[in-house]
1. Check cross-link reach from residue 242 to the aspartates and glutamates: straight Cα distance under 17 Å, and skip same-chain residues fewer than eight apart.
2. Once fully extended, how much extra length lies between residue 228 and residue 269, figured as 0.36 nm per residue of separation less the alpha-carbon to alpha-carbon distance?
3. Checking the cross-link filter: which aspartates and glutamates have an alpha carbon closer than 13 Å to that of residue 202, excluding same-chain neighbours under 8 positions apart?
4. Would you mind checking the pairs 224/288; 288/358; 233/264; 190/233; 233/358 and listing those with alpha carbons more than 20 angstrom apart?
5. Would you work out the relative contact order for the stretch 70-219, in percent, from Cα pairs under 8 angstrom that are 6 or more residues apart?
6. With each run of n ≥ 4 DSSP H residues scored as -39500 (n - 2.57), what mean residue ellipticity at 222 nm is computed for the chain after dividing by its residue count and rounding to the nearest 500 deg cm²/dmol?
7. Test of understanding: ordering 68, 312 by Cβ neighbours within 10 Å, fewest first, what list do you get?
8. Do you know the relative contact order of the chain, to the nearest whole percent, from alpha carbon pairs under 8 angstrom that are 6+ apart?
Amino acid sequence: MGSQQEVRGLLSLPPEIRDQIYTIILHPSNNRTSLPDEYANYDYRDALALFRLNRQIYYEARDIFRTLNVFLRIESPWSEAEQHVNLIGHVPILMRGARATRFREHSLQVTIETPAAGDPENGTHHFVMLADDLPAFTRAWFYWNLSHPGLNQWLRLGLFLRDPYAPDWDEKHVRRDIQRRVLLPFGDVKGLREFSLGGDPKPQPKIAAELRALQAVEPQSPEKCLSECIRLKSEGNELLQKGEVRAALEVYNRAWEAIHIVVKGRQRHVHAEAFFARDLVDEPFAGKNGQLERMNLRLQLVANTCLAYMKLSDWHELQFWGMRTIQLMRQATGANQRHIPPEDEALLGFPSAAQVGKIYFRTARAFQELGDRAEARRLVRVAQIYLPHDETVRKTLASLALKLG
């Protein structure tokens, strides 16, 4: 709580300067705490102390706060919905449970229902989020529908625009830019059984039409997703060859996202398995299996990502991402539970076997640099099965064997 002298000092400033100060203090980005793996939460407790300084500051700061912080309240029949959007979508949840149910300062009410299932046995569940995080929410919904084809055909979505601050007797108003912020991201939600759009005030007709046009756009086909991934992978490879390693990693992340795999820190969320589980018809993939082509690209991207971290000498990241794939490979052979001969661990019939060999070899380099020569040698022995003619692999194995005695 500021002293009276500090309050008088603040009020002595020109109004436009005070507004700038309020904006800095109350902006969502300045009250957002970043957590590992690109998670986040919000804590406004220190910022909202501004409201307690005096009456004039309260009203001035309140108007700025309401302009900067636009809220949505989500109503769903599933108690796990908020957990899904938080963990998978990386969407910070401001309120949940009874507090969210009582909340009335939201500019959009989002109601999700399952008409064919009747009323939910456990009632409806509410949570509150910021409009800043809405694109991540609707994108998570987009991926969920691709992972469970036909899901949206069972759902009814209702969007109700509202002016949370006008008194009941006054005309309601929601600015055009806010309407666009809270409505257009729902263009990612396609193929719904029912969709309603209303409000008090009603959404502007042009924005409503733009939203419906976005919802009508079909997701890109698996073939186009795979082609875009290949294009981005090639772009990343060119950057890597030029020594622009960090830029290459950013492009590789975009390549992952092109095939609906989202990388957040050390988390990799794999979506749309069912979407790619089909025989492809468009060139250059005609007659091929979508899942198999996607798997080939995944292995190439892992191998290239490992190479990038090797160029950066970032051995911990190389070890993490390399072993993430190797552990999955070892599950297929039982090598996670016990040591088996390298000939049995190597799956030579696996798609992109050469890329798998590169992953093993580059990951071995990380173990070697981090001082675990025994695991490095084990990995290199498997890499040699995959890459029998690679002279660098042969020399590395010989070097490790000599040092182990």
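Computed from the coordinates by the stated procedures, all read-outs in this text should not be read as laboratory data. Predicted model only: the values in this text are computed from it and were never measured. Every residue, glycine among them, receives a Cβ derived from its backbone with ideal geometry; neighbour counts consider all protein chains shown.
1. Leaving aside aspartates and glutamates fewer than 8 places away in the same chain, those within reach of residue 242 are 250.
2. 12.9 nm is the gain from fully extending residue 228 to residue 269.
3. 163, 171
4. 288/358; 190/233
5. About 26 percent, as a whole number.
6. -16000 deg cm²/dmol
7. The order, fewest Cβ neighbours first, is 312, 68.
8. RCO, the chain: 10 percent.
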